[in-house]
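To start, the structure itself, in structure tokens.
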Amino acid sequence: MIQKSPSAPDIKLVLDWEGLIQEASLSDTFAGEEPADWIGVPWGDTVRPSDEIHLTRILKDARDQGVSSFRQVVQRLPSGTEAPIEYTAVRLDDDHHLLAIGKSLRAVTELQNRLVEAQQTLERDYWKLREVETRYRLLFNSSREAILLLDAQGLGIIDLNPRALQVLGLPPPRPRSTDKGKFLDALTPEDGQAFNRMLRELRDRGQSQDIILRLGPDRQPWTAHAALMTTADKDIFVVHLAPAGGAALSQEHDRGLPLEDLVERGPDAYVIIDNQGMILRANRTFLDMVQVGSEAALLGKPLGRWLGRPGADLTVLLANVLRLGAVRLFSTTLHGEQGSEVEVEISAAGNHALNPSHIGVAMRDVGRRLSTEPSPGGAGQWLDFLVKQVGKTTLRKLVDEAVGVVERHYIEAALALAGGNRTVAAELLGLSRQSLYVKLNRYGLDGGEDKGETKGH
């Protein structure tokens, strides 16, 4: 066996022939520890009981062979803490004493723990991705609309759902086949030109008008809607096909403009999420606010990604909808992918009063009409009182009291928004939990129960 040669040992022990510690010294790695407490103590008493057998073997090898192999133990330090140590021992020239040297393995242990955590995180992310892919495939294949994914360069069909196969009159693709043809091959020359014009308009303006295409063996009319989705290596057109027959058009005319179209064209952003906060639908206004080119790029992603306080805002929103059924005029900031920020007011409601599966979220841009006037009552009344104290006390005291009034006001507002959950309230205020607890104690607000957290720490 090749022996390792440790450098800069963290622990040095001089032992008698039976393993009794005669001298001890520690490196700066264990600053604050008192090695003198080990003097006169059997070496085996300073480690975990299960590791004494390793020290016995080290002592025997050093006495018999002059030097021992390396062995790892858990060392109990004089302060009571524990540390992983790798020891070896050598026999000194007088044949009556042994020198044991140890190297701390804390850094190695921490690295191993980080590697294990990283591996577990990768595995969780992998299964989350598999879940998202399964959900996408299920929605894609079960949709009543015909959906196609086209390569933006040559308009080759990347993927299409069973409904699209039926509309185009195409046979199911062969297993493992990547050639699904080109969409233009299914169009008449006139429709092909109109389709290309729609795509050019989509590239130039980010949106385009729907057109009518005659598809299938019977050349039935279908309304085509397209969106542009950008991926890491290519641009993809997402094409939706919906029936556009005379009966359908007449029905739409009789009913007036559909509600879905009104929401899509509305000036306010509108998003549909599930009860976990994942985006299922989004209108054009929301896409513009978050600076994303297509709805497809948002689907399956958490709404909290674009809110002012990632995690905290969405937690508050979902908690109140699930608890109260609706949220009104919740103020926050909407962040765009290109760095924009929009002040918004959010109102939301679930599709059921209790345990909703879907939640509609409306967001209105209020950045241009935000008022700077103080609200009546509450902190405003306190500030009015302080103004009347001018001349009766010092400016420093007035400022300190004003800061305290405002600080307490916002802490109470954050706790109300978070439903009493102090962790979420701390995130809303940009504070650590410890800092929030100090302020709660300062203002006498720490008497209530902390909702949503597990106690015992």
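Each reported figure results from applying straightforward, stated rules to the coordinates on display, with no laboratory input. Keep in mind that what you see is a predicted model, and the values were worked out from it rather than measured. All Cβ positions, even for glycine, are placed from backbone atoms using ideal geometry, and neighbour counts span all protein chains on display.
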Please report the net charge: other residues with Cβ closer than 12 Å to the Cβ of ARG203, K and R +1, D and E -1.
0
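Stretched out fully, how many nm does the piece from ARG114 to THR134 gain, at 0.36 nm a residue minus the Cα gap? Show your work: numbers first, answer last.
Values: separation 20, 0.36 × 20 = 7.20 nm, distance 3.00 nm.
Additional length available on full extension: 4.2 nm.
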Using a basic spin-label model with each label point 7 Å from the Cα along Cα→Cβ, how many nm lie between VAL366 and LYS182?
5.3 nm
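Let me know the shape class of the range 100-220, please: from the alpha-carbon gyration tensor, a ≥ b ≥ c as square roots of the eigenvalues, rounded when a/c is under 1.5, otherwise prolate if a/b is greater than b/c, or oblate.
Values: a/c = 3.95, a/b = 2.79, b/c = 1.42.
Since a/c reaches 1.5 and a/b is larger than b/c, the shape of the range 100-220 is classed as prolate.
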Taking GLU131, GLU201 and counting other beta carbon atoms within 10 angstrom, the fewest-first order is GLU131, GLU201
Within the range 203-238, list the trypsin sites (Lys or Arg not before Pro) lying in a DSSP loop whose Cβ has at most 15 other Cβ atoms in a 10 Å radius.
ARG219, LYS234
Would you kindly state how much longer the chain becomes between ASP204 and VAL90 on full extension, computed as 0.36 nm times their sequence separation minus their alpha carbon distance, in nm to one decimal?
33.2 nm
Return VAL47, VAL239 ranked ascending by Cβ neighbour count within 10 Å, so the fewest neighbours appear first.
VAL47, VAL239
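Once you have a ≥ b ≥ c as the square roots of the Cα gyration tensor eigenvalues for the range 259-370, tell me rounded if a/c is under 1.5, and otherwise prolate or oblate according to whether a/b is larger than b/c. Walk me through the intermediate numbers first.
Numbers: a/c = 1.42, a/b = 1.26, b/c = 1.13.
Rounded.
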In the range 138-161, which residues have a backbone nitrogen under 14 Å from the label point lying 7 Å from ASN196's Cα in the Cα-to-Cβ direction?
153-156
By Cβ neighbour count within 10 Å, fewest first, ASP218, ASP10 rank ASP218, ASP10
Note down the net charge around SER143, summing +1 for each Lys or Arg and -1 for each Asp or Glu among other residues with Cβ under 12 Å from its Cβ.
+2
Taking H as built 1.01 Å from N, whose amide H comes closer than 5 Å to the amide H of GLY181, not counting residues under 5 places away?
ILE157
HN-Hα J couplings of the range 52-62 from phi, Karplus 6.51/-1.76/1.60, θ = phi - 60°, integer Hz, Gly and Pro as x?
4, 4, 5, 5, 4, 5, 4, 4, 4, 5, 5
Which whole-number percent gives the relative contact order of the range 119-238, counting Cα pairs below 8 Å spaced six or more residues apart?
21 percent
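At R0 = 35 Å, how high is the FRET efficiency between SER347 and ARG48 if r is their beta carbon distance? Nearest 0.05 is fine.
Details: r = 60 Å, r/R0 = 1.70.
Once the sixth-power term is evaluated, E becomes 0.05.
Please get the size of the charge dipole for the range 259-370, origin at its Cα centre, with Cβ charges of +1 on Lys and Arg and -1 on Asp and Glu, quoted in debye to the nearest 20. Spell out each step's value before the answer.
Working: 11 positive and 13 negative charges, 57 e Å.
Here the size comes out at about 280 debye.
Please report the relative contact order for the range 47-87, taking Cα pairs under 8 Å with a sequence separation of at least 6, and give it as a percent rounded to a whole number.
Values: 45 pairs, mean separation 14.6, N = 41.
So the answer I get is 36 percent.
For a test of the definition: using alpha carbon positions, the gyration tensor, and the 1.5 limit on a/c, classify the range 11-104 as rounded, prolate or oblate. Please list the in-between numbers first.
Working: a/c = 1.72, a/b = 1.42, b/c = 1.21.
Here the range 11-104 falls in the prolate category.
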